[in-house]
Amino acid sequence: MPLYEHIYLARQDASAQQVEELTTHLKGVIAGLGGTVAKTESWGVKSLSYRLRKNRKAHFTLLNIDAPPAAINEIERLERLNEDVLRYLTIRVDEHEQGPSAMMRRAERDRDRDDRRGERGERGDRDRGDRGDRGDRGDRGDRPPRGDRRPRDEDGDTATEE
């Protein structure tokens with residue numbers, strides 16, 4: 001059977017339990033049509049690059065699926081009908097990625113980085129050097145003094161020469 005990676009985005013308003021129930025339902029549909037789900041990853045709530053159906057964030061879930069094309073068609077049909085699902089994407093792959101996905105590895109790396117930050121303080125103990133090479137910027141003699149640089153008429157509009 002072909003191998004697929006399937007990712008769907010659920011509304012932020014949906015609880016984690018509702019997203020988990022939806023994932024369980026999709027797994028049951030796949031199993032009923034002769035397929036298996038090799039791995040499931042919940043990536044949590046993440047910000048979207050742009051608004052989707054008035055949502056700025058969404059629950060991201062990845063499924064590694066080994067199933068016939070009919071099973072994929074059925075879960076995509078169910079996701080189109082479900083109001084909680086904002087988007088979905090299914091990609092056929094030659095083999096499933098072993099271990100955690102790139103998103104999970106990134107999350108682990110970010111957690112490690114936050115742990116190190118906690119030991120050193122918010123910004124860390126990076127040495128910024130003396131910074132004595134900057135020097136004084138001095139007076140800006142070539143620029144007009146701050147304030148109105150263009151004359152205005154009594155309405156507040158910028159006066160133009162005619």
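The numbers here are math on the coordinates, done by the rules we state, and not lab data. Small disclaimer: the values here were computed from a predicted structure and weren't measured.
Relative to the present Cα-Cα distance, how much length would full extension add between Leu33 and Arg53 at 0.36 nm per residue of separation?
Gain on extension, Leu33 to Arg53, equals 4.1 nm.
On a straight-distance basis, which lysines could pair with Lys54 in a cross-link, Cα separation under 26 angstrom, same-chain partners fewer than 8 positions away excluded?
Lys46
First check a/c for segment 19-92, with a ≥ b ≥ c the square roots of the eigenvalues of its C-alpha gyration tensor; if it is under 1.5, answer rounded, and if not, answer prolate when a/b is larger than b/c or oblate otherwise.
Verdict is prolate for segment 19-92.
For Lys39, which lysines qualify as cross-link partners when the Cα separation must be under 20 Å and same-chain residues fewer than eight apart are set aside?
Cross-link targets: Lys27.
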